[in-house]
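Derivation of every value follows stated rules applied to the coordinates shown; laboratory data play no part. The structure displayed is predicted, hence computed values, not measured ones. Every residue, glycine as well, gets a Cβ built from its backbone with ideal geometry; the counts of neighbours run over all protein chains shown.
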Amino acid sequence: MNLKRLAEWMYLLLIYGFLYLPILVLIVYSFNDSKYSLEWRGLTWQWYQNLLDDPDLLQTALNSALIATLSATVATAIGAMAAVAIHRYAFFGKPLLNALLFVLMMTPDIVMGIALLILFASLSLPLGFWTLLLAHITFNIPFVVVTVLSRISGFDPHLIEAARDLGATEFQTFRQVILPLLAPAVVAGWLLSFTLSMDDVMVSFFVTGPSFEILPLKIYSMVRLGVTPEINALCTIMLGVTLSMILIAQSLLRKK
Amino acid sequence: MTIKEPFKLIAMGGLWFWLIAFALLPNLLVIIASVLERGADEFVVFAFTLDSYRRLLDPLYLGVLLDSLQLSAITTAFCLLLGYPFAYLLTRMPERWRPLLLLLVIVPFWTSSLVRTYAITILLKTNGLLNQALLGLGVIVEPLELLYTPLAVIAGMAYTLLPFMILPLYGSLEKLDRRLIEAARDLGAGRLTTFRRIILPLTLPGIIAGGMLTFLPGLGMFYVADLLGGAKTMLVGNLIRDQFLSARDWPFGAAISVMLTLLMGLLLWAYYRSSRRASRGILP
């Protein structure tokens with residue numbers, strides 16, 4: 001390996017270090033047996049134990065998981081069917097639909113948050129579970145559509161024609177031919193939606209009320225009060241859940 | 001194919017309904033709210049006024065807007081400077097390594113930016129790892145005040161947004177036709193000229209897309225300013241949030257976010273223009 005090659009790898013490593021070092025430090029300190037100091041005092045599960053002993057926190061975690069599961073499922077149902085339709089049909093207003101999806105994806109989170117807040121306020125909907133769910137479905141849909149669309153473009157249109165020629169209705173074609181072929185992308189879209197929903201701070205901040213607390217907002221209010229080993233542990237768990245879902249989603253998308 | 005097909009109706013109907021009800025309508029309501037008067041008991045009073053837009057020019061708020069634009073611009077420039085060579089090197093790596101190297105960029109892209117911002121606070125604390133390391137190395141004698149500075153906000157934003165810059169850059173660098181570079185070199189262009197006249201214009205869509213994905217979220221990330229900047233740094237995001245939470249001035253908050261949306265429109269327009277040019281092979 002020559003010197004130039006070495007310098008190139010060093011640069012890559014440096015950036016990867018920048019991306020991963022803070023996360024690694026967070027994870028390592030969540031196991032450190034010391035409340036305040038940075039000094040390494042040995043391995044402990046204490047902080048994780050403290051989290052488990054906090055019933056409020058467990059309820060909050062359950063709330064988050066519930067919203068993430070429901071919003072990912074509804075968004076995947078709407079998004080996957082819509083992606084198939086966008087790919088297969090020409091229809092009136094298609095450019096407008098594509099533009100709306102794109103704008104929805106690019107809209108800064110804070111703008112989406114207040115826009116939905118104004119919508120819910122003008123409908124006099126009380127902020128809580130339902131408003132949060134509607135908001136999360138909204139920001140998940142475009143990600144599902146994009147994930148599924150990128151997979152459809154790659155497959156053989158003759159399969160769909162064959163199904164139609166053999167007398168299948170559009171619904172039967174969707175369920176028995178298209179869906180099995182798209183299954184990896186659909187599952188990946190669901191997993192990515194789940195992580196988006198689990199991690200969202202900005203939109204949720206505006207559209208949920210005190211009646212329904214979720215994990216990211218809980219972490220946000222805890223962090224503002226200071227750094228504690230319990231937050232390290234909680235953040236490590238959040239990272240663990242997200243990481244495993246992304247890795248599964250990516251491996252599904254990579255398969256031929 | 002007839003319109004009576006129930007699948008098409010349900011698939012399209014569902015998406016249309018959702019986008020109109022929860023994307024188009026809310027944004028129209030924001031525009032409407034921004035030209036209404038602020039109410040004492042209600043959030044808005046139905047009377048037309050451009051007061052909220054006039055207040056954007058108030059030196060107090062204008063200062064916050066400009067500061068925030070500046071912080072975001074610096075963050076974007078920093079990400080571009082770090083990310084461009086990185087994305088370029090990624091495209092030059094051996095084929096079998098690339099999926100793994102790319103995955104390592106994608107993973108932070110999807111993880112919680114709140115958690116990652118929090119991780120930065122651990123590093124930057126007065127008795128944090130960075131200060132300890134610098135003290136240990138003898139670079140400094142006293143711990144530096146790193147947290148609660150504009151610099152910490154920039155570092156935090158750059159850290160959470162870097163993958164958003166790298167991924168579009170990688171996308172456009174990967175599509176780059178290497179024969180064009182060789183042709184330029186064969187015709188006698190130096191390295192710098194080749195970069196400036198060939199590589200840069202052809203990867204401009206990636207640069208603009210990456211810039212958009214770092215610059216716009218950078219303006220809104222109120223929790224980064226809260227956690228890393230203390231009360232000293234205000235972003236557009238903090239200003240908007242305060243209008244809806246503490247100040248209860250919804251029309252003004254709506255007006256600021258209309259400005260953000262217009263800015264997004266401007267950047268999108270720049271992106272379309274540059275990508276159409278790049279795909280037709282016309283260099284500016």
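Once the C-beta distance of B:Asp67 and A:Phe92 is scaled by a Förster radius of 30 Å, the resulting FRET efficiency is 0.05 to the nearest 0.05. In chain A, the longest principal axis of the Cα atoms and the axis of helix A:179-199 are about 30 degrees apart. Less than 5 angstrom separates the built amide H of B:Arg38 from those of B:Val45, all sequence-distant by 5 or more or on a different chain. For the stretch B:62-280, rounded, prolate or oblate, judged on the Cα gyration tensor with a ≥ b ≥ c (square roots of eigenvalues), a/c < 1.5 rounded, else prolate if a/b > b/c? Oblate is the answer for the stretch B:62-280, as a/c is 1.5 or above yet b/c matches or exceeds a/b. With the cut-off at 20 Å, tell me which of the pairs A:Lys94/B:Lys8; A:Lys35/B:Lys125; A:Lys35/B:Lys232 have Cα atoms farther apart than that. With Cα atoms farther than 20 Å apart: A:Lys35/B:Lys232. Classification of the protein assembly as shown by its C-alpha gyration tensor yields a rounded form. The axis ratio a/c (a ≥ b ≥ c) stays under 1.5.
Just to confirm the filter: which trypsin sites (Lys or Arg not before Pro) across the stretch B:218-284 are DSSP coil and have at most 15 other Cβ within 10 angstrom of their Cβ? Loop-located and lightly packed - B:Lys232, B:Arg248.
Where is the GNM fluctuation largest for chain B (alpha-carbon springs, 10 angstrom cutoff): B:Leu137, B:Leu180, B:Leu268? Among B:Leu137, B:Leu180, B:Leu268, the largest GNM mean-square fluctuation belongs to B:Leu137.
Kindly provide the trypsin sites (Lys or Arg not before Pro) of the stretch B:1-79 that DSSP labels as loop, not H, G, I, E or B, and whose Cβ sees at most 16 other Cβ atoms within 10 Å. The qualifying sites are B:Lys4. Among B:Ile32, B:Ile20, B:Ile199, determine the one that fluctuates most according to a GNM of chain B built with springs between C-alpha atoms less than 10 Å apart. Looking only at B:Ile32, B:Ile20, B:Ile199, the biggest GNM fluctuation is shown by B:Ile20. Assuming a ≥ b ≥ c are the square roots of the Cα gyration tensor eigenvalues, decide whether the stretch B:174-230 counts as rounded (a/c under 1.5), prolate (otherwise, with a/b larger than b/c) or oblate. Prolate is the answer for the stretch B:174-230, as a/c is 1.5 or above and a/b outweighs b/c. Taking θ as phi - 60° and the Karplus parameters 6.51, -1.76 and 1.60, the scalar couplings of the stretch B:115-125 work out to 4, 6, 5, 4, 4, 5, 4, 4, 5, 8, 3 Hz in sequence order, x denoting glycine and proline. Note on chain A: with a GNM built from Cα contacts shorter than 10 Å, the maximum mean-square fluctuation among A:Thr76, A:Thr228, A:Thr169 falls on A:Thr169. Its alpha carbons considered, the stretch A:47-254 gives a radius of gyration followed by a Dmax of 19.5, 65 Å.
With contributions of -39500 (n - 2.57) from each DSSP H run of at least four residues, the per-residue ellipticity at 222 nm computed over chain A stands at -25500 deg cm²/dmol. Take every pair of alpha-carbon atoms less than 8 Å apart whose residues are at least six positions apart; their mean separation over the length of chain A yields a relative contact order of 31 percent. The calculated 222 nm mean residue ellipticity attributable to helices in chain B amounts to -23000 deg cm²/dmol, summing -39500 (n - 2.57) over DSSP H runs of n ≥ 4 and dividing by all residues.
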